[in-house]
Structures are given as C-alpha cells and as structure tokens.
1. Filter the trypsin sites (Lys or Arg not before Pro) in the range 70-156 down to the DSSP loop ones having no more than 16 other Cβ atoms within 10 Å, then list what survives.
2. Just the ratio, please: alpha-carbon radius of gyration of the chain over 2.2 N^0.38 Å, N its number of residues.
3. Please find the FRET efficiency linking TRP491 to SER290, where r is the Cβ-Cβ separation and R0 is fixed at 22 Å, and quote it to the nearest 0.05.
4. Measuring with a 1.4 Å probe in the full set of protein chains, what accessible area per residue, in whole Å², belongs to the range 88-201?
5. Once whole DSSP H runs in the chain are found, which of them have Cα atoms spread over 18 Å or more along the helix axis and a mean Kyte-Doolittle score of at least 0.0?
6. Label LEU274 and MET414 with points 7 Å out from Cα along Cα→Cβ: what is the distance between them in nm?
7. At most 15 other Cβ atoms within 10 Å and a DSSP loop assignment: could you name the chymotrypsin sites (Phe, Trp or Tyr not before Pro) in the range 1-110 that fit?
8. Please state the Cα pair-distance histogram of the range 1-42 with 10 angstrom bins from zero: what percent is in each bin?
Amino acid sequence: MVRRVAVVGAGVSGLAATKCCLEEGLEPTCFEQSEDVGGLWRYTDQAEEGRASIYRTVFTNSCKEMMCYSDFPFPDDHPNYMHNARLQHYICKYAEHFDLLRHVQFKTLVTKVKKRPDFSVTGQWEVVTQRDGKEETAVFDAVMVCSGHHVYPNLPLADFPGIQKFKGCYFHSREYKEPEKFRGKKVLVIGLGNSGCDIAVELSTVASQVYLSSRSGSWVMSRVWDNGYPWDMLVITRFRTWLGNILPKALNDWLYVRGMNRFFKHENFGLMPLNRTSRKEPVFNDDLPSRIACGVVVVKPDVKEFRETSVLFQDGTVQDGVDAVVFATGYSYAYPFMEDDSIIKSRNNQVTLYKGILPPQLEKPTMAVIGLVQSLGPIIPTADLQCRWVVKVFQGQCTLPPVSEMMDDIDEKMGKKLKWYGNSTVLQTDYITYMDELASAIGVKPNVLKLLLTDPRLALEVIFGPCSPYQFRLVGPGKWSGARKAILTQWDRTLQ
C-alpha cells in the first residue's frame with residue numbers, strides 16, 4: 001500500500017498534489033528548492049538555476065473563474081486577469097488555507113530519484129535530497145513529479161548560422177526581466193509564442209525599433225472577447241466542445257479560422273500560421289496588432305543568417321544595426337534528478353505517459369508527472385484533477401488497463417494530436433475532453449442528463465456556460481458544498 005509520497009516542487013501542481021495526498025490519508029513530503037511556494041509564478045529579479053523564471057510584467061492568460069483551484073475561488077474583488085504578484089499571493093493563501101506548508105521542505109533540492117532494488121515487488125523509490133550542503137536519502141512508496149516544464153531553455157543556436165559573428169548581445173527570453181536597458185536600441189525577438197509577443201510589445205515602448213521574427217506564424221487572440229467578457233468563459237464551454245466533435249472537420253476548420261480572424265485578419269499583419277487549421281496554442285496579446293499597426297513592431301520571417309551587426313531574413317531583406325536578440329524559443333522538458341530518464345521519455349526521447357501522467361512501462365504505477373500537458377485551458381484545475389486521479393491510482397481505487405492497452409491509448413491520442421495540432425511531440429490536448437476523461441475515471445464528472453431533470457438552472461449553466469473548475473466538485477469523492485453556488489454566481493464575480 002502506498003503511504004509515503006514524495007512531491008517534487010511546490011508550485012501550483014505540487015501544492016495540489018500535497019493537498020490530494022492529505023485528503024486521501026497519505027503522508028506527503030514536498031521538496032522545494034527555493035524558499036517559497038509558487039514555482040513559475042514566484043518572481044525574482046534574476047533567473048535562478050533550475051527554476052522557472054518570468055519577467056516583471058507577466059499577467060495570466062486565463063481568467064480568475066477558469067483558472068482557480070476547484071474548491072478555492074479567487075476573492076470577488078480580484079480582476080479577471082491577474083499580475084503574477086497577485087496570483088502568487090493567491091497560491092500562498094491556498095497553501096495556508098489547507099495547511100499545506102508544514103509538509104513542504106524549503107531550500108531542499110531533489111538530486112536523485114531511483115527505483116529501489118525490490119521495486120518490482122514494493123514499487124518504492126529512493127529519493128536523494130540536498131539541503132545546506134548536506135545530503136539525505138529517504139524511501140517513499142510513490143513519487144509525484146511537479147517540477148514544471150518552463151525550466152530548461154531551448155536555445156537552438158545551431159539553427160542560426162553566423163550567430164557567433166554577431167556583435168550585439170543575445171540571450172534566451174528566460175533571462176529577460178524588464179525593458180529599460182534596451183531604450184533607444186534596435187531589438188530582434190525570435191519566436192511568436194506568448195513570451196515573444198509580450199516581450200516585443202513591452203520593448204516597443206522604449207526601443208527605437210522592434211522586429212518580431214517567426215518561422216510558422218501564430219493565431220493571436222485577445223483576452224477581452226465579445227461584449228468585453230473574458231475569452232475563456234465564452235470559448236471553453238461543453239456545448240462548443242460537443243459541437244466541435246460532431247461537425248465535419250472542414251466546417252469545423254472554417255469556423256475555427258473565421259473565429260480566430262474575427263478581430264483582425266492575420267494575413268494582413270504577417271501573422272497567419274503556416275498551418276491555418278492547426279489548433280496549436282494561440283498567443284494571448286491585446287496590444288500586438290496595434291503595435292504592428294503603429295509600426296513600432298515589424299513582423300519578419302525566419303532568420304536566414306546573422307552578420308556582425310545585421311540580420312538576413314528568409315525573404316532576402318536585411319536589417320542593419322541590430323543591437324540585441326531575444327530568443328523566445330521555448331523550453332525543453334528535462335528531469336535531471338531521474339536516474340533513468342527513459343522512465344518518462346520511453347520512446348524516441350518523446351514524453352510517453354498514460355493520460356499524460358503515468359509512465360506505462362513501470363512494474364508498479366507509483367510515479368506520476370503532474371502538469372505536463374497543455375490545452376486551451378488553465379493549468380491549475382488541470383493539475384488539480386490530475387492529482388485527484390493519481391492518488392486514486394496509488395490507492396488501487398482506480399485500476400489501470402494492461403500495458404499494451406495503455407500504449408494503444410497513447411498511440412491513438414498521438415494520432416489525434418497529429419490531426420489537430422500538426423505535431424505529435426507537443427503536449428497539447430483538448431481541455432474539456434481531457435478533464436472529463438479523468439473526472440469519469442474517479443466519478444466526479446457532472447451528469448448533465450440527471451442535472452436537467454433535478455436542477456435545470458444549474459444544468460443549463462453547466463452545458464452552455466463556461467466549463468469552470470467548480471463543475472468537477474459537484475459530485476463524487478472530493479465533492480465541495482460551495483460548487484453549485486460558485487457556478488451560479490461566476491458571471492457576477494466576473495463583472496465585479
């Protein structure tokens with residue numbers, strides 16, 4: 001039986017893991033290498049080794065009703081989209097409210113996680129930690145890896161000929177904190193993801209010129225949607241997901257492209273994704289189109305080569321006098337503490353996990369990776385539900401199929417990813433489909449037909465309203481008495 005659980009990291013996933021373990025009577029020990037909770041959302045003036053790093057002005061892309069923990073709504077007076085400091089405060093309040101801090105060992109680095117010699121019988125792990133230069137080893141019945149995937153920067157310099165000759169400065173967006181030192185300079189930002197666009201827009205307020213280079217384009221969405229409501233409360237609904245699943249793909253794609261182009265035509269701005277119908281994660285930026293329209297951000301194609309002070313682009317244009325380059329080229333996921341990396345990356349160095357969580361090849365299912373999925377939906381409720389599912393697996397209350405079936409399931413989902421996202425390596429998944437899959441397995445998915453008969457007002461809000469996290473606290477284990485009220489008053493809090 002699983003009793004002692006090691007949780008690696010005290011960010012939003014690690015705290016959810018700690019709380020779920022406590023609720024199920026397990027004994028979690030959460031190891032956090034910094035001195036506070038919050039993970040990615042804990043801002044520091046310098047990027048710290050082995051930790052996620054954000055810039056000073058990061059705001060959330062999901063609104064407060066959609067991204068809260070499912071049994072802990074944000075205070076009514078919080079804005080719909082939050083600055084990182086406010087979200088960090090909420091995370092600390094969550095940890096205090098559920099008394100999680102006494103289970104966290106701060107300033108403790110996990111250096112090694114390896115199977116015990118008798119793993120095939122006990123499923124136990126040896127966890128080696130370091131604190132104040134002292135090393136400790138402890139044995140745990142299970143491990144929950146909650147270390148996130150925004151830690152190890154992907155800096156593909158080999159793809160950029162001539163970068164060694166370039167005389168200006170260049171660095172990964174992880175190192176970027178604020179714009180002031182680029183005042184009056186010409187800056188090239190490479191990468192059209194959320195970080196790249198945020199940084200380009202912010203730099204455009206002080207730099208003499210910003211260039212934004214992209215290889216494949218991207219959909220750019222606004223946080224503020226129809227009638228000024230948050231985008232995700234209107235887009236992430238059960239009804240829209242159901243419709244998307246029954247409409248023919250051609251019609252679905254047409255509606256998708258039309259919806260993405262509703263505020264401005266991407267083609268005219270040089271932003272149109274190469275694969276128009278790919279559902280890869282859009283960029284959320286309310287200011288980028290206006291910055292392009294004002295000429296302070298110029299969109300460029302992929303870089304062909306760097307020269308000493310200039311840059312040649314694939315379309316043959318050359319930009320002279322470039323002072324700095326910011327590589328917003330994303331992150332690679334790595335688990336340096338895993339003695340056997342193939343446990344998580346079991347196929348061609350790709351993450352191969354059942355339901356995006358469990359390594360399928362393990363003799364005993366006593367390791368889980370939390371938060372390693374991306375969907376057009378918020379990570380906090382996703383991680384929360386993942387943890388609730390995992391703890392049931394640890395306890396044997398949720399039985400797993402044989403390895404071959406788990407692998408088939410992974411392959412089938414890889415096929416769908418290729419169809420929808422154009423790439424099997426991405427961590428993308430459809431939010432509601434994924435949440436319902438986990439929720440069904442542990443008996444917490446709302447029964448819409450039953451609700452229509454017993455509580456039609458709530459049923460209509462569940463079907464046509466936003467698929468907010470409270471829906472997964474209406475029934476079953478972990479049911480929360482405030483869930484119904486939270487759903488029926490979510491629009492009021494949004495307006496407030």
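The values are calculated or read from the model by the stated rules, or taken from the named source; none is laboratory data. The structure displayed is predicted, hence computed values, not measured ones. Using ideal geometry, Cβ is built from the backbone for each residue, glycine included, and neighbour counts are taken over all protein chains shown. Ligands, DNA and RNA are excluded from the accessible area calculation, which covers all protein heavy atoms including side chains. Shrake-Rupley method; radii C 1.70, N 1.55, O 1.52, S 1.80 Å.
1. LYS107
2. Taking the Cα Rg and dividing by 2.2 N^0.38 Å, one obtains 0.99.
3. Approximately 0.20, to the nearest 0.05.
4. Spelled out: the 1.4 Å probe surface of the range 88-201, per residue, equals 49 Å².
5. 379-394
6. Once both label points are built, they end up 2.2 nm from each other.
7. Filter output for the range 1-110: PHE106.
8. Each 10 Å bin holds this share of Cα pairs: 32, 51, 16, 1.
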